[in-house]
Amino acid sequence: MAYAADTSTNCHWRPYRRTRRRVFMSSPSRFGLALLLTLYAGLAFCDEETPVLATASPASDVASADAVPAAGVAETVIDTDTASGVEAPDAGLPPPWGPLLILDHEVLPGSKSAFLLTEDQNFDSSFVNSSVWVVRGISGGPALCLTAGIHGDEINGVEIARRVYSSLDPAEMSGTVVILPMINLAGIRSGERYMADRRDLNRLFPGRRDGSLSSIVAGSVFKVVSSHCQALIDLHTGSFSRLNIPQIRVTVDRPSALDMARHFGSGVVVLGDGPKGSLRREASDFGLDAIIYEAGGPHRFDPEAAQVGADGVRSVMAWMGILDTPGKTIAFNSVFRRTYWERVPLRGGGFFFPDVEIGARVKPGDRLGTIHAPGYEKETPIMARRAGTVIGMAVPQIVLSGYALFNIGIEGSDIFPGLMLQESSDPTAPEVDG
Ligand SMILES: [Zn+2]
C-alpha cells in the first residue's frame, strides 16, 4: 500500500499501489523538463478549484532554486497507478511536484521551514500561537501530518516531533511532512493538560471559528491537517500518574489506517474509534488515515519512548513512500480488539504498589499489584481476571476505590478472527516487544 503523490493542497489523496522506477537526470535542465511534465500531469489528479499548481512558481524558477541538488545528478521516482488496472494519463511521468503553499508560506521542494500558525501579533496570539514545521521532499509523494502537545502536560510527544523534524533530510524525501509540535502552547509552558480556558482541546475538533478559545484553536489546527495531509499521527502519552506501553490507537473501520498503524513497527495496536471530538476520530471521519501514538507518562521526557516514537514515525513514512528506507511491522498478535481495566475494589484504597512490569503477559488469577491500607494492616491484592498484556498501568501512589490501575489488552483468536486469519498469511511479519 502506498499513497498517490501530493499534487496540491486541494487535491484528494488516493491510496494506490505503485511501481517504482528510478530515473537519473544529469543536469538541472533535465530536472526542469521533468518538472514541467510533472506540473502538466498533476492536473489529472486535481479538483477543478485546485489553486496550488496554478499558483506554483514557474518550472524554471523552481528548477533554479536551492532545491535542485548541486551534485548534478538528480534522482526522482516514476509512479504508475495500477490500482484500477487502467493506466493513469500520466503513466511514465514523474509525479507532480512543486512548492507547498501553506498558511501564506511557500516551502520549496528540498527545503525545511519553521513558522507560526498565525502571523498575527496581538495579546491573544502570545497565548495560543504555536509553531508549524514543514519538510518538503525533493521529489513528489504523499503528505503526513504530525501533531503533538494537544495536551500540554504530554511533552514526550513534543520531543518526538522535535526528533523527527531534526532527523529529516528533504533531499532524501519523496513527499511532505507537516508538523504542529506544540499545539497547546500555554499548557506546555505551565505543565497543564488543558487549554487556558480549562477545556480539553481533544474533544473540540473540528473546531469552530465562533466557538470558545479552544474551539478556535481546534479549527485552525484541523484546517491545516485536513487541507494538507493524507495521513495523521497524533502524539500523546499516558495521563494522570499512569504509564502506557508504546501503543498505537486506530479505528477498525479503515483497513488502510490499520495497515498504517501496524507499520509504526513498535509497541501494540489498540483498535477503537476514539472519543467524539478527538482529532484522530474527526480526521478519520474526514477521510484521513489517522492514528494516535501514546508512550510514557506526562510531565517528563522519556528518551527511550521518544526514540521509539520517532523511529515509528519514520517507519510509517517509509510505508507511505516518503522515505526510501526499511520499515518495521507490528505483528497481528500485538493488535488488541478489546481492552479492560482492573480497578481499585470498593473500600480497597490505600498505598498502591505494582507487582508486574508494564508489558507483562498475564493469565487469570495472576497478582498484578498490592494496596496497603495504612494503619489497618489490611492488604488488598489486585488480580487479573482475564488473560492479556498489561498495556497501561498506574505508577506507585495513593489510590482510592474505583481508580483505574491496569489496562489489559485481551488476547485470543476469538477476539478478532479476521486479523488472525491475515496473520497466518503474513508469516514474515517480525515480532515486536509488547
Ligand atoms: Zn493526550
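Is it the case that Phe205 is at pLDDT 95 or above, crowded, with 16+ Cβ neighbours inside 10 Å and within 14 Å of the ligand (Cβ to nearest atom)?
yes
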(message) Quick check on this structure: which one of Gly187, Gly238, Gly219, Gly207 is closer than 30 Å to Ala360 by Cα and of a type outside the set (Phe, Trp, Tyr)?
(response) Gly238
(request) Test Asp210 against the stated conditions and say whether it is out of contact with any strand residue (DSSP E or B) (no Cβ under 7 Å at 6 or more places or on another chain), free of Cβ contacts under 8 Å to residues at least 12 places away in the same chain and more than 16 Å from the ligand (Cβ to nearest atom). (result) yes
(message) I'd like the full set of residues that are of a type outside the set (S, T, N, Q) and within 25 Å of Ala305 (Cβ to Cβ), limited to the stretch 206-238.
(response) Val221, Val225, Cys229, Ala231, Leu232, Ile233, Asp234, Leu235, His236, Gly238
(message) Can you tell me which residue is surrounded by the most Cβ atoms within 10 Å (Cβ to Cβ) among those in the stretch 258-289 that are within 16 Å of the ligand (Cβ to nearest atom) and outside any loop (DSSP other than H, G, I, E, B)?
(response) Leu279
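Within the stretch 224-239, how many residues are within 12 Å of the ligand (Cβ to nearest atom) and not in a strand (DSSP E or B)?
Qualifying residue count for the region: 3.
Inside the stretch 240-257, can you point out the residues that are outside any strand (DSSP E or B), of a type in the set (A, V, I, L, M) and without any contact (Cβ under 8 Å) to a residue 60 or more places away in the chain?
The initial filter retains those residues of the stretch 240-257 that are outside any strand (DSSP E or B), namely 240-241, 251-257.
Applying the additional criterion that residues be of a type in the set (A, V, I, L, M) yields 252, 257.
Hit for the stretch 240-257 is Ala257, nothing else.
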(request) Starting from the stretch 317-328, take each residue that is farther than 9 Å from His263 by Cα and in the same structural domain as Asp169 (by TED's automatic domain parsing) and list its partners that are part of a loop (DSSP other than H, G, I, E, B) and of a type outside the set (Val, Ile, Thr), counting only C-beta distances under 7 angstrom and pairs at least six apart or across chains. (result) Ile322/Gly137
(request) Identify all residues within the stretch 266-301 that are of a type in the set (Lys, Arg) and under 20 Å from Ala161 (Cα atoms); write none if there are none. (result) Arg280, Arg300
(message) Quick check on my filter: what residues within the stretch 346-382 are under 15 Å from Ile410 (Cα atoms), surrounded by 13 or more Cβ atoms within 10 Å (Cβ to Cβ) and without any contact (Cβ under 8 Å) to a residue 24 or more places away in the chain?
(response) Asp366
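The values are calculated or read from the model by the stated rules, or taken from the named source; none is laboratory data. It should be emphasised that the depicted structure is a prediction, and the values quoted were computed from it without experimental measurement. Note that we place each Cβ from the backbone using ideal geometry, even for glycine, and neighbour counts take in every protein chain shown.
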